[in-house]
Amino acid sequence: MRYPKGGCAIAALSVKALGGARSKAKKARPMDFYITCFTFGLFLVIFLWVGALAAQVSTDRDADYLLGDRSFGRVFIALSAGATGNSGFIMVGAVGIAYSMGISAFLMVLASCLGELTFWMLFPGKINRISSDRDSKTVPELLGGAVKQPQGKRIVTAIAALISVVFVGTYTAAQFSAAAKTLNVFWGIEPHLGVAIAAASILVYCVTGGLRASIWTDIVQSFVVMFVCFGMLTVAIRAGGGVWEIISQLHQIDPQLMNITAEFSGWTLVAYLVGFFFFGIGFDLSQPQFLVRLLAGRSPTEAAQARWIYLIYVYSTWSSMVAFGIVCRVLIPDISDPEQALSLYAMQNFNPWLVGIILAGIFSVIASTADSQLLVCSSALGRDLFPYLETKMSKIYGVKYQQFITLLVGIVAAIATIYLSATVFSLSLFAVGALAGSIGPAMLIAILKRRTHALAFISTMLVGLMTALAWEAWVDNQIINEIFPSFLMALFVHELLMKTVFKKAVG
């Protein structure tokens, strides 16, 4: 999920407007409709087949189900982490923002890239080494290992797990909603049925193959995403008459579209860049579905070496979709909802075979995020929140217990999506911010091995969480992202407590 305000932008699509375009296309050329269905279905079968292969290779052990036996090299770490992070924002939200803002939309890309570069230069190897040394199979376990007192360790692990279940679960529901709305836009499938289709297709390989299946399918999906992103941009530039002609047309529409600082002035520009710099760091430090890829690396060296592959993949696809959104301002002006640009352009200009591939690309960025989130939620619920039950049930049923929890989480998320469809998008707006504000500072303390105490560590997570939620509710976070103030407040509280209340005690 890579959405600046933490939501899944595709969930905001205007179903009514796109649905009308879809219906007209279906009536005019019904064969095109079936060709698109066939192409999309073919890619879906490929994803399921790859997941099934991974399930056959997997062994009946927790270490394999949760971390793939820590067997992944830098290419798998990088592309899987990138596919997990991208989500529906890349092909919908990024396009819509660029359509509205022009080239100033690249400021968000630049600031976030610098933030992520900072993270990748400093932390991935350390995270992998610490998790291996402590035999931490989940992010809450890794955080719990930062404190020494056994009781404090259990409480920290449980709180981190609860935060993960609530907010990653919310984000998972947003992904299911995004997939359902995509199917509704193109094929008229009812939302509740679309949720069921999306959940079932993802759960098939998630439940049976665990993290290995998730990562293997991520690799395939990442290549589909690259093909769609780069292909759409190339076609659009040619349709617009080339780069210089497009620039000329943009100047005629609105000169501000070619002004890199058009939306900002003075301190607001600095605040915006600083906010999204911390967004880049905070996202990587706090998203369990992203961090678990680093835990699954076969060595600290491999985890650290994944940086350039990850950054090139994420920011080449993101930048290409930003550029596509800008070009669409020339090709299809006056769209009521700019987030419709990619879908509208595809339906109006491509043959049905390519439309099916584009649909597969959109579904890929959604599925590669949702499958990872399901596994993170299930491990937090089944292992970290109820460790005694997990120990007892695993002795009896082995990995089937964790598989059952994954299935249960997926069903609950799907049901929640159906009944909370009116509010899931608004809830997802603060999901990433909440995770970054709470787990992010705690992860930083754990990685740096700062002197800490269980109560100070818990206070860090709770203060960061409350700050992020309050900032989201009452402050304009489009200028200063909530991750920045929540990080500062959480770390300040931790250091204050460690230098006053817990100056001598460490536990």
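The values are calculated or read from the model by the stated rules, or taken from the named source; none is laboratory data. All of these numbers come straight from a predicted model, not from anything done at the bench. No Cβ is skipped: glycine too gets one built from the backbone with ideal geometry, and neighbour counts run over all protein chains shown.
A few notes on this one:
- The set of residues in the stretch 261-280 being under 15 Å from VAL109 (Cβ atoms) and either under 14 Å from the mean Cα position of the chain (by Cα) or in a loop (DSSP other than H, G, I, E, B) (or both) consists of THR261, GLU263, PHE264, PHE279, GLY280.
Each row is one residue, and each column tells you yes or no for (1) in contact with a strand residue (DSSP E or B) (Cβ under 9 Å, 6 or more places away or on another chain); (2) closer than 21 Å to ILE197 by Cβ; (3) of a type in the set (Val, Ile, Thr).
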position	(1), (2), (3)
PHE40	no, yes, no
LEU44	no, yes, no
GLN56	no, no, no
PHE72	yes, no, no
ILE77	yes, no, yes
GLY82	no, no, no
PHE89	no, no, no
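- Meets criteria (part of a helix (DSSP H, G or I), among the aliphatic types (A, V, I, L, M) and farther than 19 Å from ILE97 by Cα) for LEU291: yes
- The set of residues in the stretch 220-268 that are among the aliphatic types (A, V, I, L, M) and within 19 Å of MET101 (Cα to Cα) comprises LEU233, ALA236, ILE237, VAL243, ILE246, ILE247, LEU250, ILE253, LEU257, MET258, ILE260, ALA262.
- Taking the criterion of being of a type in the set (Ser, Thr, Tyr) and in contact with a Lys or Arg (Cβ under 8 Å, 6 or more places away or on another chain), the residues of the stretch 132-145 that qualify are SER132, THR138.
- Every condition in (1) under 23 Å from the mean Cα position of the chain (by Cα); (2) among the aromatic types (Phe, Trp, Tyr); (3) modelled with pLDDT of 85 or more is met by PHE425 except one, and the failing one is (3).
- Apart from one condition, THR84 fits all of (1) of a type outside the set (Lys, Arg); (2) touching a Gly at 6+ places or on another chain (Cβ under 7 Å); (3) at pLDDT 50 or above; (4) surrounded by 15 or more Cβ atoms within 10 Å (Cβ to Cβ); the exception is (2).
- Some residue of the stretch 142-150 being outside any helix (DSSP H, G or I), of a type in the set (Gly, Ala, Ser) and more than 26 Å from ALA436 (Cβ to Cβ): no
- Single unsatisfied condition, ASP334 versus (1) assigned to a helix (DSSP H, G or I); (2) surrounded by fewer than 24 Cβ atoms within 10 Å (Cβ to Cβ): (1)
- Taken over the stretch 390-406, the criterion of being buried (at least 17 other Cβ atoms within 10 Å of the Cβ) and of a type in the set (A, V, I, L, M, F, W, C) is satisfied by MET393, VAL399, ILE405.
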